[in-house]
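Peer 1: One structure is given below, represented as structure tokens, and several questions about it will come after.
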Amino acid sequence: MPLNTWLLFVTTVFFVSATPGPNMLLAMTHGIHYGVRRTLATCCGLMSALALIMLASAAGLGALLAASETLFSAVKYAGAAYLIYLGVKTWRAEPRPVAETADDARAPHTPARMFRSGFLVAMSNPKAFIFFAALFPQFMNARLPQGPQLALLALTFFIIEAAWQFAYASGGARLARWLNSARRLRLVNRVSGGAFIGAGALLTGLGRH
């Protein structure tokens, strides 16, 4: 792959990943509540799901979703329902001081549950399947072996996406001191919950193109 093609891909993915979305919102919200170290479990869940999506897209699932209205709709509405559920749960969450949440070993958000939350959020958007299936071929040469090119693009995307998730989680963690009050934390819960609900509602209105 020519260097200029790869650099164009890096630039494209850099700005795509930087755009706030459900993945980055979850990383930031968990960073606020639980700190960077514990939020790594959430990021691992997000990245594991993205890795599976990229593999599925490479196997042709993206094309299948693009061609099948029924399958696309089923995945879309299931993902939207989970995002709305997560939003309602976050909205209604009892505000607790951030330091208390981070230090409480009995907190319900164990690493396994945080990993699962990240995994399900990342898997909740069927557009991601089509995104990868549509994006990668734009930077690939059909006359060269496909495997090495796809591996390079996937690894590049993985690294950039992980870096942005860490940046969002770190930014959230830095807000923890400011949010060490029930009133401010309730505001964050309402904003985050509303954003998740909005994302889920938006998914239900998206067409296939």
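Peer 1: Can you pull the one-decimal nm distance between simple spin-label points at LEU52 and LEU71, each 7 Å off the Cα toward Cβ?
Peer 2: Reported label-point gap for LEU52 and LEU71 is 1.6 nm.
Peer 1: Which FRET efficiency value, to the nearest 0.05, is calculated for ARG190 and ARG113 with the Förster distance at 25 angstrom and r the Cβ-Cβ distance?
Peer 2: The formula returns an efficiency of 0.70 here.
Peer 1: As an exercise, use a Förster radius of 30 Å and the Cβ-Cβ distance of ALA81 and ALA163 to find the FRET efficiency, rounded to the nearest 0.05.
Peer 2: 0.50
Peer 1: Given a Förster distance of 35 Å, report the FRET efficiency between ASN141 and LYS89 from their Cβ-Cβ distance, rounded to the nearest 0.05.
Peer 2: It comes out at approximately 0.15.
Peer 1: So between LEU7 and LEU202, what do we pick up on full extension, going 0.36 nm a residue minus the alpha carbon distance?
Peer 2: Between LEU7 and LEU202, full extension yields an extra 67.0 nm.
Peer 1: Could you put LEU120, LEU46 in order, starting from the residue whose Cβ has the fewest other Cβ atoms within 10 Å?
Peer 2: LEU120, LEU46
Peer 1: While we're here: Using 7 Å Cα-to-Cβ label points, what is the LEU155/ARG174 separation (nm, one decimal)?
Peer 2: It works out to 3.1 nm between the two label points.
Read-outs throughout are calculated quantities, based only on the coordinates presented, and are distinct from any laboratory measurement. Predicted model, so just to flag it, every value in this text is computed and none were measured. All Cβ positions, even for glycine, are placed from backbone atoms using ideal geometry, and neighbour counts span all protein chains on display.
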